[in-house]
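*Asks:* Have a look at the structure that comes next, please.
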Amino acid sequence: MWLRRFGSAAARWAGRAATPVVARFRASLQLRVVASTLIASTILVLIFSFVVAGSVTSGLLSEGRNTAVDETENAVERVAEQLAPYGTTSDSALATTMQRIVNELAEDPVYAPVIVLRTADGAVTKTHPVAGGALPSEALQANVAEGKIAVQYGDFTLDGESMPYLVVGSFIDLPIDYELYAFYPLESQQDTISLLRTNLALAGVALVLLLGVIAALVTRLVVTPVREAARTSQRLAAGLLHERMEVRGSDDLARLAGSFNLMAENLQSQIRRLEEMSMMQRRFTSDVSHELRTPLATIRMAADLLFDNRDDFDPVTKRSTELLQDQIDRFEDLLQELLEISRFDSGFASLEVDAVDVGRIAEEVVEGLSHLAGECGVEVSVSKPARRVIAEVDPRRVQRILRNLVSNAIEHAEGKPVEITVAESETAMAVSVRDHGVGLRPGHADRVFDRFWRADPSRNRKTGGTGLGLAISLEDAKLHSGTLQAAGEPGKGTLFVLTLPLQAGNRVIASPIPLRFEARPPTDSEVPHATQD
């Protein structure tokens with residue numbers, strides 16, 4: 001159990017330790033290229049080293065074996081000449097002659113330093129004194145007994161030191177059959193192979209490091225302009241439209257920098273042109289709105305006079321006077337909202353903050369719209385906490401937001417209830433307005449706050465909306481550093497959530513009322529229609 005826990009803890013620690021490394025690896029193109037080059041070059045160097053070391057080792061051993069076999073054959077001829085007179089192993093001079101032959105061969109630098117000479121039946125065995133009685137393997141002895149020249153590589157302990165040897169065995173066909181085994185040390189070949197492997201390893205490491213440095217330098221030539229382009233594009237995105245890349249040389253990267261600078265210049269000119277057009281449009285809207293106030297005041301005075309005396313007119317003129325009064329009221333509302341929008345666009349909108357009870361504002365809005373709710377047959381309910389929800393807000397703007405949301409919900413509730421909920425957290429307050437009417441089609445939740453946007457322009461409205469109410473409400477929420485969100489489904493209603501900070505100057509982190517739309521089961525009378533504006 002403790003081992004499993006230790007393994008899990010070690011795995012978690014390794015994961016946390018590797019996270020920044022992995023992030024750095026993914027973020028750096030140069031690091032990935034260098035790492036790929038090092039991995040590929042390491043594999044190639046390893047393959048090359050193994051091939052070269054194997055080839056050289058095979059060549060050294062093959063050359064040593066051929067030389068050893070030739071020397072052993074010469075030794076066999078020399079031994080055969082001296083042992084040919086002996087016909088039986090019982091001859092007392094045989095052992096002495098074999099010992100002399102072995103000593104002579106071992107002392108001759110041409111032959112192996114260790115010689116084992118014996119009769120085929122093993123009756124007499126003579127070995128050079130340094131051999132210590134070492135014998136080759138049984139497999140080698142069996143091959144020699146069949147009259148072959150056989151070789152064997154192995155480690156033998158002679159004179160108390162274990163060393164690699166090449167053993168060459170040969171059968172001597174005389175009246176008495178003999179076997180000769182020559183032990184050739186491979187110490188020099190082993191040293192050569194070890195030196196070769198060490199040199200190959202050092203050369204391989206140096207080559208891999210050199211390739212890594214070369215890859216880093218070459219990649220830097222390409223990555224540096226790319227990084228500069230990324231930094232410049234980030235500055236452009238941050239609004240620093242004067243930023244440009246430095247053009248060096250006339251290669252492909254220089255052409256890339258030149259094209260990037262040309263794109264930045266075109267982008268800067270287009271943005272300036274759009275800013276000028278937007279500024280002109282805002283100024284035009286503001287100027288027109290202000291200029292219209294004077295003639296509208298005159299028209300209002302004349303219309304009020306006609307409206308006050310409408311009972312003296314014939315029915316057609318009376319109806320025209322009433323329609324004129326309604327349209328002038330709507331025109332005044334539109335003009336007022338255009339002026340408000342122009343203040344938002346020009347950045348002159350400001351808050352008049354006061355600590356007020358938001359729940360009370362919601363109730364006052366419902367009371368003011370009770371006549372509209374009665375005409376539409378909609379029941380409006382307000383749910384709020386037991387204690388007052390005090391927030392530092394602009395009462396006029398919050399009241400305008402709630403009036404737009406509630407009147408909008410009543411218009412589109414199709415006779416179903418409208419529910420208003422007030423809630424608060426430690427840092428924020430929220431008011432939700434929920435209806436169960438026509439709802440929102442997919443993709444319309446973000447567009448409902450666009451200016452003059454209506455999903456269904458042919459839909460009749462009792463309040464004669466201008467199409468700017470929700471757009472102004474969103475700007476009012478942003479002016480409070482708050483949020484205004486919408487959600488809904490066709491035929492199942494709409495949910496608006498207004499969230500504002502309790503203290504002026506703070507920002508909203510989380511809303512006390514999440515934007516979670518929960519639709520009730522539809523009835524047969526609920527048919528999906530268009531959405532509100």
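*Asks:* For segment 367-386: of the residues being within 50 Å of the chain's Cα centre (by Cα) and aliphatic (A, V, I, L, M), which is nearest to Val438 (Cα to Cα)?
*Replies:* Ranking the candidates gives Val380 first.
*Asks:* Among the candidates Ser194, Ser278, single out the residue that is more than 30 Å from Gly154 (Cβ to Cβ), of a type outside the set (D, E, K, R) and more than 28 Å from the chain's Cα centre (by Cα).
*Replies:* Checking each option against the conditions leaves just Ser278.
*Asks:* Just one of the numbered conditions (1) over 16 Å from Leu440 (Cβ atoms); (2) buried (at least 17 other Cβ atoms within 10 Å of the Cβ); (3) among the aliphatic types (A, V, I, L, M); (4) at pLDDT 85 or above is not true of Leu468; which one?
*Replies:* (4)
*Asks:* Could you tell me whether segment 424-441 includes any residue that is over 28 Å from Ile509 (Cβ atoms) and within 38 Å of the chain's Cα centre (by Cα)?
*Replies:* Taking every residue of segment 424-441 in turn, at least one turns out to be over 28 Å from Ile509 (Cβ atoms) and within 38 Å of the chain's Cα centre (by Cα).
*Asks:* Let me ask something else about it. Filter segment 145-163 down to residues that are over 21 Å from Arg118 (Cβ atoms), out of contact with any Pro (no Cβ under 9 Å at 6 or more places or on another chain) and not hydroxyl-bearing (Ser, Thr, Tyr) and give me whichever is modelled with the lowest pLDDT.
*Replies:* The residue in question is Gly160.
*Asks:* Conditions: (1) open to solvent by 50 Å² or more (accessible area, probe 1.4 Å); (2) assigned to a helix (DSSP H, G or I); (3) among the hydrophobic types (A, V, I, L, M, F, W, C). Leu240 meets all but one. Number of the miss?
*Replies:* (2)
*Asks:* Within segment 77-91, identify whether any single residue is β-branched (Val, Ile, Thr) and in contact with an Asp or Glu (Cβ under 9 Å, 6 or more places away or on another chain), and answer yes or no.
*Replies:* Yes, the conditions are met somewhere in segment 77-91.
*Asks:* What is the number of the single condition among (1) outside any loop (DSSP other than H, G, I, E, B); (2) modelled with pLDDT of 80 or more; (3) open to solvent by 20 Å² or more (accessible area, probe 1.4 Å) that Lys126 does not meet?
*Replies:* (2)
*Asks:* Additional query: Starting from residues that are closer than 17 Å to Ala230 by Cβ and of a type in the set (S, T, N, Q), keep the ones in segment 243-261 and report whichever is surrounded by the fewest Cβ atoms within 10 Å (Cβ to Cβ).
*Replies:* Ser259
*Asks:* Considering each of Glu275, Glu228 in turn, give the residue that is among the charged types (D, E, K, R) and within 30 Å of Leu468 (Cβ to Cβ).
*Replies:* The match here is Glu275.
*Asks:* For segment 328-420, please list each of the helices (runs of 4 or more DSSP H) lying entirely inside it that holds at least 1 residues being open to solvent by less than 20 Å² (accessible area, probe 1.4 Å), at pLDDT 90 or above and touching a His at 6+ places or on another chain (Cβ under 9 Å).
*Replies:* The qualifying helices (runs of 4 or more DSSP H) are 395-412.
*Asks:* Select, from Leu166, Leu186, the only residue that is at pLDDT 85 or above, out of contact with any Ser or Thr (no Cβ under 8 Å at 6 or more places or on another chain), open to solvent by less than 40 Å² (accessible area, probe 1.4 Å) and on the phi < 0 side of the Ramachandran plot.
*Replies:* Checking each option against the conditions leaves just Leu166.
*Asks:* If you don't mind, another one. Given the criteria of a type in the set (A, V, I, L, M) and farther than 22 Å from Asp155 by Cα, does Leu94 qualify?
*Replies:* Yes: the conditions hold for Leu94.
The values are calculated or read from the model by the stated rules, or taken from the named source; none is laboratory data. The structure presented is a predicted model; accordingly, all values stated were derived computationally and were not measured. Please note: Cβ atoms are built from the backbone with ideal geometry, for glycine as well, and neighbour counts cover all protein chains shown. SASA here: full protein model, heavy atoms, side chains in, ligands and nucleic acids out. Shrake-Rupley method; radii C 1.70, N 1.55, O 1.52, S 1.80 Å.
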